[in-house]
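I have placed the structure first, in the form of structure tokens, so that the comments after it can refer back to it.
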Amino acid sequence: MDLLACALLACGLLLLATGALPTHAAGDVARRTAPLLAFLATVIVMAELTGRAQVFDVLAGGISRVGKGSYARLFGLCVLFASATALILNLDTTAVLLTPVMLAMAARVGIAPLPLAMTTVWLANTASLLLPVSNLTNLLAADRVGLSAGGLAARMWAPQAAVIAATAVCLWAMYWRRGRRGADVYVPTAAFRPADPVLFRTCALACAGFLVAILVAPVPLWADSLAAALVVVVAFALRRPGELRLSLVPWRLLIMVPGMFLVVETVNVHGLHTLLTHAMGTAEGAGGLFRSASVGAGLSNLLNNLPVYLAGEAAVPDGNRDQLLAFLIGTNVGPLVTPWASLATLLWFERCRTAGVKVPLARFVGTGLVLAVTGTAAATGALVLTS
């Protein structure tokens with residue numbers, strides 16, 4: 001991943017230096033990605049230190065006890081918890097904050113971590129259609145179609161419900177059922193007591209404040225995450241200063257993301273826009289909506305859903321609200337096949353790598369393809385039926 005990140009950034013800068021990427025286009029990319037990078041850096045630092053304060057261990061123990069040893073009950077709780085987190089929060093935040101909770105739960109009760117990890121990454125992506133804050137692409141789409149948070153929710157509730165149901169079915173069939181998980185019951189853990197209660201409470205309150213601020217504070221998302229991260233960093237500086245290291249900063253992602261945007265923007269300038277315009281067409285009937293969603297899902301897995309959405313948004317005619325929302329479904333629900341298809345998935349892989357959890361790539365790609373197809377079809381079908 002280090003080599004890939006450096007290669008992408010070097011390629012993007014080379015394209016800019018040689019003039020293949022116009023300066024004004026690069027400036028637009030920088031303007032739109034700078035807040036994203038600030039958010040990613042601060043939220044990952046916050047999540048890493050919060051995990052070290054054992055907040056996730058306490059949450060994991062609570063969920064396992066409510067499940068009372070039943071895998072079916074635990075499955076339902078995990079689906080509800082992950083869906084609610086993705087609906088209310090940004091999907092990247094969900095990947096960062098919820099993955100450690102799930103992995104800590106697996107470690108503490110002695111169950112396989114992969115079903116819990118896959119629940120996180122799939123629902124982080126598929127349960128991010130309802131609100132503008134749920135996904136950075138939603139913020140862009142809501143502005144383009146002129147919908148408030150309530151207006152977007154009113155239009156997307158049916159696609160969101162449909163794709164969560166499809167995700168739950170795929171999760172149970174491919175990761176949670178008896179033949180996959182390898183056990184009938186599990187043993188819930190006793191209540192977990194953190195080693196440093198003061199640090200635990202401070203970090204827990206910082207995370208809670210971050211969640212509330214996202215919903216009610218009229219400030220950019222990166223400002224919320226920066227404020228919460230500063231509280232957590234100050235708490236560690238006072239209680240355990242040895243934990244504060246530069247390695248907490250996600251350098252790989254901060255290098256990879258700008259390079260990825262520069263490369264895709266170069267492709268967009270030199271023909272991707274024309275390709276998208278022809279591929280999606282202008283029809284808003286059922287066939288046109290499924291076509292736009294399919295294009296969004298396919299290109300997101302080839303490139304990445306954020307730059308693909310930005311490129312595709314410009315290819316949708318003004319006034320084609322449902323076509324843009326169908327394309328949004330494709331770029332939100334579809335990028336489940338390749339590891340680089342969404343930032344949430346990249347963040348999830350980073351958290352799994354840090355926790356020492358191995359993810360079989362062939363299984364990830366194969367099962368992700370099944371959900372990408374069925375989930376995109378279910379959500380788009382619901383959009384068509386409610387048009």
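The values are calculated or read from the model by the stated rules, or taken from the named source; none is laboratory data. Everything quoted here is computed from the prediction, not taken from an experiment. Backbone-built Cβ (ideal geometry, glycine too); neighbour counts: all protein chains shown.
Gly76 falls short on exactly one of the conditions (1) surrounded by 24 or more Cβ atoms within 10 Å (Cβ to Cβ); (2) more than 12 Å from the chain's Cα centre (by Cα), and that condition is (1). Candidates Gly375, Gly366: the one that is modelled with pLDDT of 95 or more and crowded, with 24+ Cβ neighbours inside 10 Å is Gly375. Residues in segment 13-36 that are crowded, with 17+ Cβ neighbours inside 10 Å and under 24 Å from the mean Cα position of the chain (by Cα): Val29, Thr33, Leu36. Looking only at residues in segment 121-139 that are under 20 Å from Ser225 (Cα atoms) and among the aliphatic types (A, V, I, L, M), the one that is surrounded by the fewest Cβ atoms within 10 Å (Cβ to Cβ) is Leu139.
State whether one or more residues within segment 31-40 are among the basic types (Lys, Arg) and at pLDDT below 85. Within segment 31-40 (the criterion being among the basic types (Lys, Arg) and at pLDDT below 85), the answer is yes, since at least one residue qualifies. Do we find a residue being hydroxyl-bearing (Ser, Thr, Tyr) and under 29 Å from Ala195 (Cβ atoms) anywhere in segment 67-81? Looking for residues that are hydroxyl-bearing (Ser, Thr, Tyr) and under 29 Å from Ala195 (Cβ atoms), one finds none in segment 67-81, hence no.
Candidates Val169, Val198, Val187: the one that is at pLDDT below 85 and surrounded by fewer than 16 Cβ atoms within 10 Å (Cβ to Cβ) is Val187. Would you kindly identify the helices (runs of 4 or more DSSP H) lying entirely within segment 82-193 that contain at least 3 residues that are within 20 Å of Ser64 (Cα to Cα), within 18 Å of the chain's Cα centre (by Cα) and of a type in the set (Val, Ile, Thr)? Qualifying helices (runs of 4 or more DSSP H): 91-109, 113-126.
Scanning segment 313-346 for residues that are within 12 Å of the chain's Cα centre (by Cα) and in a helix (DSSP H, G or I) turns up Thr331, Asn332, Val333, Leu343, Ala344, Thr345, Leu346.
Restricting segment 238-285 to residues that are part of a helix (DSSP H, G or I) and small (Gly, Ala, Ser), the residue that is surrounded by the fewest Cβ atoms within 10 Å (Cβ to Cβ) is Gly242. Checking the stated criteria, Val233 turns out to be under 23 Å from Thr354 (Cα atoms), hydrophobic (A, V, I, L, M, F, W, C) and at pLDDT 85 or above. Kindly indicate whether any position in segment 43-58 is outside any helix (DSSP H, G or I) and more than 22 Å from Cys203 (Cβ to Cβ). No, segment 43-58 has no match at all.
Filtering segment 201-212 down to residues that are surrounded by 14 or more Cβ atoms within 10 Å (Cβ to Cβ) and among the aliphatic types (A, V, I, L, M), which residue is nearest to Gly69 (Cα to Cα)? Please lay out each step first, then the result.
At the first step, the residues of segment 201-212 found to be surrounded by 14 or more Cβ atoms within 10 Å (Cβ to Cβ) are 201-207, 209-211.
Restricting the remaining residues to those that are among the aliphatic types (A, V, I, L, M) gives 204-206, 211.
Numbers: Ala204: 26, Leu205: 29, Ala206: 31, Leu211: 29 Å.
Filtering segment 201-212 for residues that are surrounded by 14 or more Cβ atoms within 10 Å (Cβ to Cβ) and among the aliphatic types (A, V, I, L, M), the one nearest to Gly69 (Cα to Cα) comes out as Ala204.
Filtered by the rule that a residue be among the β-branched types (Val, Ile, Thr) and in a loop (DSSP other than H, G, I, E, B), segment 1-37 gives a lone residue, Thr18. When every residue of segment 309-317 is checked against the conditions, none turns out to be closer than 18 Å to Ser387 by Cβ, in contact with a helix residue (DSSP H, G or I) (Cβ under 8 Å, 6 or more places away or on another chain), aromatic (Phe, Trp, Tyr) and touching a residue at least 40 places away in the same chain (Cβ under 8 Å).
Table: residues versus (1) of a type outside the set (Phe, Trp, Tyr); (2) closer than 26 Å to Leu244 by Cβ; (3) touching a residue at least 60 places away in the same chain (Cβ under 8 Å).
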position: Glu48; (1), (2), (3): yes, yes, yes
position: Gln54; (1), (2), (3): yes, yes, yes
position: Phe75; (1), (2), (3): no, no, yes
position: Leu89; (1), (2), (3): yes, yes, yes
position: Thr94; (1), (2), (3): yes, yes, yes
position: Val101; (1), (2), (3): yes, yes, no
position: Val109; (1), (2), (3): yes, no, yes
position: Leu114; (1), (2), (3): yes, no, yes
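Here is a check on your reading of the model: is Ala162 of a type in the set (A, V, I, L, M, F, W, C) and modelled with pLDDT under 90? So Ala162 fails the test. For segment 347-387, residues that are polar (S, T, N, Q) and not in a helix (DSSP H, G or I) total 2. The set of residues from segment 22-43 being touching a residue at least 12 places away in the same chain (Cβ under 8 Å) and farther than 17 Å from Leu306 by Cβ comprises Pro22, Thr42. For residues that are in contact (Cβ under 8 Å) with a residue 60 or more places away in the chain and surrounded by fewer than 20 Cβ atoms within 10 Å (Cβ to Cβ), scanning just segment 286-297, find the one that is nearest to Pro339 (Cα to Cα). Among those residues, the one meeting the criterion is Phe290.
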